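The values are calculated or read from the model by the stated rules, or taken from the named source; none is laboratory data. Keep in mind the model is a prediction, meaning the values are calculated, not measured. A quick note on method: Cβ atoms are made from the backbone with ideal geometry, for glycine too, and the neighbour counts reach across all protein chains shown. For accessibility, only protein heavy atoms count, side chains too; no ligands or nucleic acids. Shrake-Rupley method; radii C 1.70, N 1.55, O 1.52, S 1.80 Å.
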Amino acid sequence: QRRQALLDYERGKFSASGPSTRESAWNTWCAFHLRMFGDSALVPVLPLCPGKVAGVLAMFKLGKYRSVENYCTVAAQKHILAGYRMDEQLELELKFGKRSVARGLGPGEQPAEIPVDRLMEVDIPDAPADRNMPLGFINEAVVSSFFLLREIEASLMLTKSVHFNSRGSTITIWLPASKNDPRALTCQRTWGCVCTGVPCPRSCPFHAGLAQRSLLMEHFGKDLSELRDMPFFPTVAGATVHKVKFVDMTEEIAAQLKLPLRTPADDRAFGGHVWRVSGVKWLVRLGIDSA
């Protein structure tokens with residue numbers, strides 16, 4: 001009981017998706033450290049020092065990262081938990097470095113829209129040959145559009161967080177109450193079936209969710225109870241989808257619909273917020289309150 005109490009205590013420090021989000025941020029920090037300093041055996045990532053922080057944040061600035069705050073927070077936590085102290089010089093470098101990364105970026109460009117009602121025209125396999133690509137990506141696009149999910153929310157959402165009411169034909173998803181969710185609080189949203197005739201997973205959140213649940217059990221050959229802790233929208237191999245693969249699949253949809261893949265500024269037109277943006281615009285045009 002003491003051991004279980006400690007496990008529950010540790011789990012309560014962050015939301016269910018918190019550990020994956022923090023590890024993703026730390027992996028990015030380590031990758032940029034490797035890009036700047038080379039072999040980490042010669043220049044280890046930890047302990048942090050002003051010079052290492054400057055080098056890594058220079059990579060973030062080169063990549064035009066807008067939300068560098070979380071990466072710095074995770075790096076500082078790793079530094080402290082490894083037994084090192086935060087001195088004033090290190091704190092100042094993190095503070096001034098974040099300011100440098102953000103300077104001159106200007107307002108973010110809104111991702112382009114993919115018309116949700118045109119997803120029926122897209123021909124993409126539920127299980128692509130590349131095991132790192134999303135499984136059931138069309139289902140993910142439909143559900144994300146209705147629930148206004150960012151790619152990180154959809155990718156980290158666990159199967160046990162999705163519930164169906166067959167009698168009422170509704171799908172309910174437990175979602176983070178905020179982007180950071182520091183108190184591990186969650187909220188739930190529910191959508192009902194919106195089909196006007198024959199059930200269609202490509203235009204209905206309820207049937208898209210059902211199709212994804214069936215796909216998971218069929219693809220992995222497991223009962224739903226064995227899939228509770230797996231992402232509801234995993235890769236073909238059963239892992240969490242990387243943002244790059246998410247964007248690649250989104251661009252494949254856009255290409256099939258003959259939508260431009262680059263903005264006038266020659267940036268990628270579609271990013272991780274594409275279905276959140278596309279969904280809210282589509283619902284507004286239908287006269288539906290997305291709140």
Computed ³J(HN,Hα) along segment 118-128: with the Karplus parameters 6.51/-1.76/1.60, θ = phi - 60°, integer Hz and x for glycine or proline, the list is 9, 5, 5, 7, 8, 10, 10, x, 5, 10, x
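Before I look further, what does segment 118-163 give for accessible area per residue, probe 1.4 Å, in whole square angstrom? Please report the intermediate quantities before stating the final value.
Numbers: 1600 Å² over 46 residues.
Each residue of segment 118-163 exposes 35 Å² on average to a 1.4 Å probe.
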Residues with amide H under 5 Å of Thr170's amide H, sequence separation 5 or more or different chain, H placed in the peptide plane at 1.01 Å from N; which?
Asn165
Taking the full set of protein chains and a 1.4 angstrom probe, give the accessible area of Cys193 in square angstrom, rounded to the nearest 10.
50
Using a 1.4 Å probe on the protein heavy atoms only, what accessible surface does Glu23 show? Give it in Å² to the nearest 10.
80
In degrees rounded to 10, the 0-90 angle between helix 50-62 Cα long axis and the longest Cα principal axis of the chain is 30
Any aspartates and glutamates with Cα under 17 Å of the Lys95 Cα? List them, leaving off those in the same chain fewer than 8 positions away.
Glu69, Asp87
Kindly sort Ser166, Ser278 by accessible area of their heavy atoms, largest first, with the probe set to 1.4 Å.
Ser166, Ser278
Kindly express, to the nearest 10 degrees and within the range 0 to 90, the angle between helix 2-11's C-alpha long axis and the longest C-alpha principal axis of the chain.
80
I want the local charge near Pro134. Using Cβ-Cβ distances under 9 Å, sum +1 for each Lys or Arg and -1 for each Asp or Glu among the other residues.
0
For the pair Asp266 and Leu7, what calculated FRET efficiency results from E = 1/(1 + (r/R0)^6), where r is the Cβ-Cβ distance and R0 = 45 Å, to the nearest 0.05?
0.35
Kindly provide the helix-only [θ] at 222 nm of the chain, computed as the sum of -39,500 (n - 2.57) over DSSP H runs of four or more divided by all residues, to the nearest 500 deg cm²/dmol?
-14000 deg cm²/dmol
For the chain, with all protein chains present and a 1.4 Å probe, just round the carbon and sulfur fraction of the accessible area to a whole percent.
53
Kindly list the residues of segment 25-51 that lie in the label zone of Glu91, defined by a backbone N under 17 Å from the point 7 Å along the Cα-to-C-beta vector.
48-50
Helix 18-37: inclination vs the chain longest Cα principal axis, degrees, rounded to 10, gives 50
Taking a straight Cα-to-Cα line shorter than 20 Å from Lys281, and setting aside same-chain lysines fewer than 8 residues away, one finds Lys258
What ³J(HN,Hα) values, in whole Hz, does the Karplus curve 6.51 cos²θ - 1.76 cosθ + 1.60 give for segment 153-160 when θ = phi - 60°, with x put for Gly and Pro?
5, 5, 5, 8, 5, 8, 4, 5
